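The values are calculated or read from the model by the stated rules, or taken from the named source; none is laboratory data. In this text the structure is predicted, and so the values were computed from the model without any measurement. Reconstructed Cβ throughout: ideal geometry from the backbone, glycine too, with neighbour counts over all protein chains shown. Only protein heavy atoms, including side chains, enter the accessible area calculation; ligands, DNA and RNA are left aside. Shrake-Rupley method; radii C 1.70, N 1.55, O 1.52, S 1.80 Å.
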Protein chains: 2
Amino acid sequence: MGIRDYFPIWEKLTLSQQERLTACAVNKCFKKGTILSNGTADCTGLLLIQTGRLRAYILSEEGREITIYRLLDMDMCLFSASCLMNSIRCDIMVEAEKDSTVWVIPAEVYKEIMEESVAAANYTNEVMASRFSDVMWLMEQIMWKSLDKRVASFLMEEAALEDTARLRLTHEGIAHHLGTHREVITRMLRYFQSEGMVKLSRGVVELIDQPRLQKLYEGNKM
Amino acid sequence: MGIRDYFPIWEKLTLSQQERLTACAVNKCFKKGTILSNGTADCTGLLLIQTGRLRAYILSEEGREITIYRLLDMDMCLFSASCLMNSIRCDIMVEAEKDSTVWVIPAEVYKEIMEESVAAANYTNEVMASRFSDVMWLMEQIMWKSLDKRVASFLMEEAALEDTARLRLTHEGIAHHLGTHREVITRMLRYFQSEGMVKLSRGVVELIDQPRLQKLYEGNKM
């Protein structure tokens, strides 16, 4: 399978544009835990995910993290190519959350195509709007949902992504995703356990009452 | 002055595109306090600011607000035209923060132009990336800056926008901007007053020590 099978608007590109992508995009494998992009400092290129999972997050001066979105098969990461647009002024880190195979498209090649092709430019607009909407959703969560709801929501999302109720997660890891401290997460998970919603063992959180976690997350909407 | 003098990439449009914009964009005045857009429910159109100031914010179920960005002369608001893109899934409210004169461009007209013109599509990309960066900045503030720093930063920003150290602001109003409660803001402003940084009177916050507010905001960077 080549990049043509993964690039969403392939058919709308000209032959010359297709040839440039085929010639310049590099298929790379990244081990779980590899940092693919370090924010505006480097301009790694656009990342088009073939298999695996990437995580985009921001990092505070004190080293706290918060996950802003995940990228799955056929998703495209723009913020690893901050030199693509003048108006990208935010530092977004990207790491491989699983072993991943990714097409890396050089920013200058994509930029050239985006300046020629109205289809590519508008596809980029849709990607950007989609990420913007993800971030707005997250902002609402942070501002207006209490942490118990955010932890419940995170566990349910993980269970869906991994397709299992037995999640390999450390308390430290959950804290990183949610921008808080390990101790806070440990306290919350113990509360969930005492309520019979999860079962904790070393490096594992098992969801044993998903309907209640769901209900907790949805809160007063029920 | 017509829309040609305010639309940023006018010269890059074809004559036909320019004619459609001139014919379809409506110049409207909005009194301070008017809600121009209510999120995804309506699709007001793109707003191009001639004079005045708009405020984009989100609203919780309980009626709490948080300001996400401001729009000044020649800025363009995309999120008042949520039907422009499928991927816009967030509800952003837009209100006139001052009496404002605005060009309202119907979403379907802009969409048509964006699908024809690579310049318009890429301009839209830059606007989107710029708003995305604003929101990421705000997220970092919320996650990692304490409220005293956020209030100091907000007051300094207002002073710059209004070009005065004597700000007409209610505590309720500041709370709305920052997504918190009036009581919390009142307590913080009284603390600032006791420290000699501001002077409070009815409906007015006067900044009397801007260098210290600046220093407070910048925190341990100093």
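Between B:Val198, B:Val184, which is surrounded by fewer than 17 Cβ atoms within 10 Å (Cβ to Cβ) and touching a residue at least 24 places away in the same chain (Cβ under 8 Å)?
Values: B:Val198 fails: surrounded by fewer than 17 Cβ atoms within 10 Å (Cβ to Cβ).
Answer to the check: B:Val184.
Of everything in segment B:125-136, what is free of Cβ contacts under 8 Å to residues at least 60 places away in the same chain and at the interface with chain A (Cβ under 7 Å from one of its Cβ atoms)? Give them in sequence order. Before you say what the answer is, go through the steps one by one.
First, the residues of segment B:125-136 that are free of Cβ contacts under 8 Å to residues at least 60 places away in the same chain: B:125-130, B:132-133, B:136.
Those that are free of Cβ contacts under 8 Å to residues at least 60 places away in the same chain and at the interface with chain A (Cβ under 7 Å from one of its Cβ atoms): B:Asn125, B:Glu126, B:Met128, B:Ala129, B:Ser130, B:Phe132, B:Ser133, B:Met136.
Test A:Asn122 against the stated conditions and say whether it is polar (S, T, N, Q), under 24 Å from A:Leu59 (Cα atoms), more than 18 Å from the chain's Cα centre (by Cα) and facing chain B (nearest Cβ under 7 Å). If you could, list the steps in order and put the result at the bottom.
Values: polar (S, T, N, Q): yes; under 24 Å from A:Leu59 (Cα atoms): no; more than 18 Å from the chain's Cα centre (by Cα): yes; facing chain B (nearest Cβ under 7 Å): yes.
So A:Asn122 does not fit the description; no.
Applying the selection to segment B:130-180, what residues are hydrophobic (A, V, I, L, M, F, W, C) and not in a helix (DSSP H, G or I)? Walk me through it before giving the result.
So the first thing to find is which residues in segment B:130-180 are hydrophobic (A, V, I, L, M, F, W, C), and the list is B:132, B:135-139, B:142-144, B:147, B:151-152, B:154-156, B:159-161, B:165, B:167, B:169, B:174-175, B:178.
B:Ala165, B:Leu167, B:Leu169, listed by residue number.
Inside segment B:148-157, can you point out the residues that are within 14 Å of chain A (Cβ to nearest Cβ) and open to solvent by less than 40 Å² (accessible area, probe 1.4 Å)? It would help to see each step written out before you state the result.
Residues of segment B:148-157 that are within 14 Å of chain A (Cβ to nearest Cβ), as a first pass: B:149-150.
Listed by number, the list holds a single entry, B:Arg150.
Within segment B:51-71, how many residues are away from chain A (no Cβ under 14 Å) and either buried (at least 18 other Cβ atoms within 10 Å of the Cβ) or in contact (Cβ under 8 Å) with a residue 60 or more places away in the chain (or both)? If you could, list the steps in order and put the result at the bottom.
Looking only at segment B:51-71, we keep the residues that are away from chain A (no Cβ under 14 Å), and these are B:51-55, B:70-71.
Now restrict to residues that are either buried (at least 18 other Cβ atoms within 10 Å of the Cβ) or in contact (Cβ under 8 Å) with a residue 60 or more places away in the chain (or both): B:52-55, B:70-71.
Selection size over segment B:51-71: 6.
Tell me which residues, restricted to segment B:98-112, are surrounded by fewer than 17 Cβ atoms within 10 Å (Cβ to Cβ) and under 19 Å from the mean Cα position of the chain (by Cα).
B:Lys98, B:Asp99, B:Thr101
Could you check how many residues of segment B:24-55 are at positive phi and in contact with a Leu (Cβ under 7 Å, 6 or more places away or on another chain)? So that I can check it myself, show each step before the final result.
Applying the first criterion (at positive phi) to segment B:24-55 yields B:33, B:39, B:45, B:52.
Then drop every residue that is not in contact with a Leu (Cβ under 7 Å, 6 or more places away or on another chain), which leaves none.
The total comes to 0.
Condition (residue is modelled with pLDDT of 90 or more, open to solvent by 30 Å² or more (accessible area, probe 1.4 Å) and either at negative phi or within 9 Å of another protein chain (Cβ to nearest Cβ) (or both)) applied to segment B:78-93: is it met by at least one residue?
no
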